[in-house]
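Structure, as structure tokens:
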Amino acid sequence: PSKPYRVTRTVYRFDAIGYLDSTVEDIYVITIEDGQTRQLTNDGLMNRQPRWSPNGREILYEATMDPDRFDCIFPWLRIVDMDAQVRDILGEWGTGSDATWLPDGKRVAFIGRPNEDGWKYWSSKSDLWVVDTQGGQPECRTAGLEVGIGSILQPDLPNIVLMAKHQILIPDGQMAFVNIQVGGITPIYRIALSGDESFESIVGGNRSCVPLAINQDMLMYAASEINNPADLFVSDIDGNDERLLTEVNASVLSEFHLPEVCLLYTS
């Protein structure tokens, strides 16, 4: 702003965003027939990552940059209906992100950490959780997994940075497909959402994999290797019969003598 204004936020500006009062975002819906828009949130928070419920009556989203909190970057999961009624589904339990509706519309899966870790949040393990859309105690589905859910690898390639947002793919409500980080690689795991805890790697190798889409029979993902920025692949839903869909850098890479790289791990 060109004139002085009164700061009412605990954190009033942020790296790569600027002054928050003029940059926070809200959730809107638009009517296809006539283009009319309607604002559903107006609370001074950064409300992003909207996802329609299976019945189309509610929107699940992440809220950050709370004007009244110092820990404003940690996301809260909220749901807003078409009457602009908002509810927080995690309360003070902790924080969650990358949430996805289960097909029944009664639960959501998300990546998160309970607030019992306090300021150890940055170095604590993230897990896959399932919680009722009306709130309650989330159920951890990866307590026995040694590494955290989601990938924090961020290469300097625009296409991968845009796709590298964690995605939880749920084709049938029984299993979730999401990437995890193991050292410098990110395989895709299949994780059971109910019953006994169960998880397994289905797409791996010495590369970084980003799940993109899934149906009942096929999984699509991007994979980046040390000698290849990224390409699209599909496989069966169990990771078998992998097929390459694109070779977008083949002509350029063919001009180079590419190295063979051996990764050494030390304890």
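The values are calculated or read from the model by the stated rules, or taken from the named source; none is laboratory data. A quick note: this is a predicted structure, and the numbers were derived from the prediction, not measured. Cβ placement follows ideal geometry from the backbone for every residue including glycine, while neighbour counts extend to all protein chains displayed. Ligands, DNA and RNA are excluded from the accessible area calculation, which covers all protein heavy atoms including side chains. Shrake-Rupley method; radii C 1.70, N 1.55, O 1.52, S 1.80 Å.
Of everything in the stretch 218-267 that's in a strand (DSSP E or B), closer than 17 Å to GLY184 by Cα and of a type outside the set (Asp, Glu), which residue is farthest from the chain's Cα centre (by Cα)?
Start the filter on the stretch 218-267 by keeping residues that are in a strand (DSSP E or B), which leaves 218-225, 228-236, 243-244.
The next check asks that each one be closer than 17 Å to GLY184 by Cα; those that pass are 222-225, 228-230.
Keeping just the survivors that are of a type outside the set (Asp, Glu) gives 222-224, 228-230.
Details: ALA222: 15, ALA223: 17, SER224: 18, ASN228: 24, PRO229: 21, ALA230: 19 Å.
Per the stated criteria, the residue is ASN228.
Mind checking which residues of the stretch 15-59 are touching a Pro at 6+ places or on another chain (Cβ under 7 Å) and under 16 Å from TRP76 (Cα atoms)?
Within the stretch 15-59, ILE27, GLY44, ILE59 meet the criteria.
Under 19 Å from THR142 (Cβ atoms) and of a type in the set (Phe, Trp, Tyr): does that describe PHE233?
On the way: under 19 Å from THR142 (Cβ atoms): no; of a type in the set (Phe, Trp, Tyr): yes.
Taking the combined requirement at face value, the residue does not satisfy it.
Give the residues of the stretch 179-213 that are among the acidic types (Asp, Glu) and touching a Lys or Arg at 6+ places or on another chain (Cβ under 9 Å), sorted by residue number.
Across the stretch 179-213, the qualifying residues are GLU197, GLU200.
Before we move on, is ILE191 at pLDDT 90 or above and either of a type in the set (Val, Ile, Thr) or open to solvent by less than 60 Å² (accessible area, probe 1.4 Å) (or both)? Can you show your working first?
Values: at pLDDT 90 or above: yes; either of a type in the set (Val, Ile, Thr) or open to solvent by less than 60 Å² (accessible area, probe 1.4 Å) (or both): yes.
Yes, satisfied.
Name every residue in the stretch 108-146 that is over 16 Å from TRP76 (Cα atoms), at pLDDT 95 or above and not in a loop (DSSP other than H, G, I, E, B), in order of residue number.
Once the filter is applied, which keeps residues that are over 16 Å from TRP76 (Cα atoms), at pLDDT 95 or above and not in a loop (DSSP other than H, G, I, E, B), the stretch 108-146 yields GLU139, CYS140.
Sort out which residues of the stretch 174-217 are under 19 Å from ARG141 (Cβ atoms), of a type in the set (S, T, N, Q) and in a strand (DSSP E or B), and write them in order of number.
Within the stretch 174-217, ASN179, THR186, SER201 qualify.
Could you give me the residue pairs with C-beta distances under 6 Å whose first residue belongs to the stretch 98-119 and is more than 19 Å from GLY173 (Cβ to Cβ), whose second residue is among the hydroxyl-bearing types (Ser, Thr, Tyr) and modelled with pLDDT of 95 or more wherever it lies, and which are 6+ apart or on separate chains?
none
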